[in-house]
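Student: My questions will all concern the structure given below.
The values are calculated or read from the model by the stated rules, or taken from the named source; none is laboratory data. Everything numeric in this text was worked out from a predicted model, so none of it was measured. Here the Cβ is made from the backbone with ideal geometry for all residues, glycine too, and neighbour counts use every protein chain on show. With ligands, DNA and RNA removed, areas are computed over all heavy atoms of the protein, side chains included. Shrake-Rupley method; radii C 1.70, N 1.55, O 1.52, S 1.80 Å.
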Amino acid sequence: TNNVDSIIFYDTTSIAVDASITDVDGNVYTSVTIGTQEWMVENLRTTKYSDGTAIPNVTDDTEWNNLISGAWCHYDNDNQYDTIYGKLYNWYAVNTNKLCPTGWHVPTDAEWIVLKDYLTANGHSGAEGKALGATSGWSSGGNGTDDYGWLGLPGGYRSYDGDFSSVNNKGAWWSSSQSPYSALDAWYSNLDYYYGDEVNIYSNDKKSGFSVRCLRD
């Protein structure tokens, strides 16, 4: 049973402040239930795996591009982004299955689709991204309606070559699923100011740095 300190209701959805959702760095997260799934509201901020092993903070572009092991960074290597957007992780960190706190995991591609399908079936067809997007923080005209308290924010990303892009315009979140089309790629979900109101699911290079949202086991 979770120890819930407060609950704010959004229709049939609740945001719970749950002291049990704490990573090994001591960061505390809130959660929201959407349909059958319980999601963290914030992007992951940990610098360690759940077993306490440190995850390297890699700032150099060449080193980032050469990685085949887990790493994280801040957008633009600037820690001012940490509180709002969390950290960006490459997929090798995701693939350890130790990135989220105990009892939580990085969602599979299929679990992202469950979320998208729930939103589609509940009045948000073609506008799933708007329903998840925060009501502020996006470029002009890009704010969402945040109907479920998911607080999707445009934290941008880091490409495989180390370049940073699209803060304020795009939020990108890893899945734990490898692409069936290339051993170099994995699936991620995307909210994007430039490409409509949907939740878009793409594959990208595993060396890319994306945000991570954890899902309750």
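Student: Can you tell me which residues in the range 166-188 are more than 16 Å from the chain's Cα centre (by Cα) and among the hydroxyl-bearing types (S, T, Y)?
Tutor: Listed by number, the residues that qualify are S179, Y181, S182.
Student: Just one of the numbered conditions (1) without any contact (Cβ under 8 Å) to a residue 40 or more places away in the chain; (2) more than 16 Å from F164 (Cα to Cα); (3) not small (G, A, S) is not true of V58; which one?
Tutor: The single condition V58 does not satisfy is (2).
Student: Identify the single condition in (1) touching a Lys or Arg at 6+ places or on another chain (Cβ under 7 Å); (2) closer than 30 Å to N65 by Cβ; (3) crowded, with 21+ Cβ neighbours inside 10 Å that Y160 does not satisfy, given that it satisfies every other one.
Tutor: (3)
Student: Considering only the range 186-216, how many residues are open to solvent by less than 40 Å² (accessible area, probe 1.4 Å), part of a strand (DSSP E or B), closer than 22 Å to G162 by Cα and not acidic (D, E)?
Tutor: Result for the range 186-216: 8.
Student: While we're on this one: Select from the range 171-185 the residues that are among the polar types (S, T, N, Q), open to solvent by less than 40 Å² (accessible area, probe 1.4 Å) and in a strand (DSSP E or B) and list them in ascending order.
Tutor: First pass over the range 171-185, keeping only residues among the polar types (S, T, N, Q): 175-179, 182.
Within this subset, residues satisfying the condition of being open to solvent by less than 40 Å² (accessible area, probe 1.4 Å) are 175-177, 179, 182.
Selection gives S175, S176, S177.
Student: Still on this model: Of (1) out of contact with any Cys (no Cβ under 7 Å at 6 or more places or on another chain); (2) under 19 Å from Y92 (Cβ atoms), V28 satisfies all except one. Which?
Tutor: That leaves (2) as the condition not met.
Student: Also, I was wondering about something else. Being within 11 Å of L191 (Cβ to Cβ) and assigned to a strand (DSSP E or B) is the filter here, so list the residues in the range 142-168 that pass it.
Tutor: Once the filter is applied, which keeps residues that are within 11 Å of L191 (Cβ to Cβ) and assigned to a strand (DSSP E or B), the range 142-168 yields G152, G155, S166.
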